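Below is one structure, written out as structure tokens, with a few remarks after it.
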Amino acid sequence: MSTIAEINRNELLIAPEPAGKCLTAAGSSLPAGTMPPSLRRNRLAVGLLFFLHGLCFASWASRIPTIQEDLHLTASALGAVLFALPAGFFVS
């Protein structure tokens, strides 16, 4: 039976890649400073997801006063609604 220290020392430490080499799934190397197309596509998708999330939040946040008026919410009720959003994210 291994201890956590032995696992970290023996099994999880990985030697860094040599400088100037980037290996693809096929094993061929790319020039330094470039990344495989699949990594580039994944990076773009994650960036786009964060951008869209920020855009949706900004659009919603700018409408909070209007929503409060339309639903006739008091300040405390609006606070409860705003608190319920991250609480729901946490529970899910």
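Scan region 13-28 and give yes if some residue there is assigned to a helix (DSSP H, G or I) and modelled with pLDDT under 95, otherwise no.
The answer is no; no qualifying residue exists.
Spot the failing condition for LEU73; the list is (1) modelled with pLDDT of 60 or more; (2) surrounded by 10 or more Cβ atoms within 10 Å (Cβ to Cβ); (3) not in a loop (DSSP other than H, G, I, E, B), and only one is missed.
For LEU73, the exception is condition (3).
The values are calculated or read from the model by the stated rules, or taken from the named source; none is laboratory data. Quantities reported herein were computed from a predicted structural model and do not represent experimental measurements. Every residue, glycine among them, receives a Cβ derived from its backbone with ideal geometry; neighbour counts consider all protein chains shown.
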